[in-house]
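Read the structure below first, then the notes.
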Amino acid sequence: MAGADVRVIADRTLVLEVSAADLPDAPGSWLTLWDEWTEDRRPRLIVVHDVDASSEDLEDVAAVCQEWVGEDSALVLRYLPLHDDDGSLAGLLDLLTEEVRDYSSGRLKVSQCDPEHRALTADARADLVTIVATRAESDDVLDAVLRLMPVDLRGEFARQFASGEIVPVIPVDGVGVSELQDLLDTLSG
């Protein structure tokens, strides 16, 4: 995949696909459609391909996309990429659950994030939790987060995605397909 383009999935989700290795300097004609979906508060998400160690950092790609789509679209990183020794995408770290989704053996292995990864991703997780908690329907969610109490934000994340309040950014290069499908499945359930 090169550049950036959009497609509609099952008439319910607008997907912007971008390449971290070949990010355009400016958005294309797809921006008009994106703005319509934003105005209608319909679900949108951004899929980032070519996420290897030699390409643009996922956070940098998200920042460029945020500039393109404007502040009316609250872009959030749900997963951070984990790379193999050769730089290829080998897994994802789920910032909401702090689970490592490791595909390096060819089969999915899920484990809890180790302290080293937790420290490295603390800022990205805090950003995600803050965005989801401050947009929550119930003040109890934000209160629990502020009190540093454990709170499961997956349901609130799914609600905000479905209502177009947040726009997930997800790396997909073989790895990430299952997580993308899980996200899309929240719209039909």
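Odds and ends about this structure:
- One decimal place: the segment Arg154-Asp86 gains 21.3 nm when fully extended, by the rule 0.36 nm per residue minus the C-alpha distance.
- Simple point charges give the picture: +1 on the Cβ of Lys and Arg, -1 on the Cβ of Asp and Glu, and for the chain a dipole about the Cα centre of about 640 debye.
- For Asp140 and Leu31, a Förster radius of 41 Å and the Cβ-Cβ distance give a FRET efficiency of 0.65, rounded to the nearest 0.05.
- Whole-Å distance, taken between Cα centres, linking the range 75-102 and the range 113-173: 15 Å
- The range 56-144: relative contact order in percent, alpha carbon pairs under 8 Å with at least 6 residues between: 17 percent
- Between the beta carbons of Asp40 and Asp123, assuming R0 = 25 Å, the FRET efficiency works out to 0.20 to the nearest 0.05.
- When each of the peptides 58-67, 166-175, 25-34, 133-142 is scored by the mean number of other C-beta atoms lying within 10 Å of its residues, the order from highest to lowest reads 166-175, 58-67, 133-142, 25-34.
- Per-residue ellipticity at 222 nm, computed for the chain from helices alone with -39500 (n - 2.57) per DSSP H run of at least four residues, works out to -10000 deg cm²/dmol.
- Working from Cα pairs under 8 Å separated by at least six residues, relative contact order for the chain is 23 percent.
- Annotation: amide H of Asp22 within the under-5 Å range of Gly3, sequence separation 5 or more or interchain, hydrogens built in the peptide plane.
- Cβ-placed point charges (K, R +1; D, E -1), dipole of the range 32-137 about Cα centre in debye, nearest 20: 540 debye
Here, each number is a calculation from the coordinates, and none is a lab measurement. Please read all numbers here as calculations on a predicted model, not as lab measurements. Ideal geometry is used to build each Cβ from the backbone, glycine not excepted, and the neighbour counts take in all protein chains shown.
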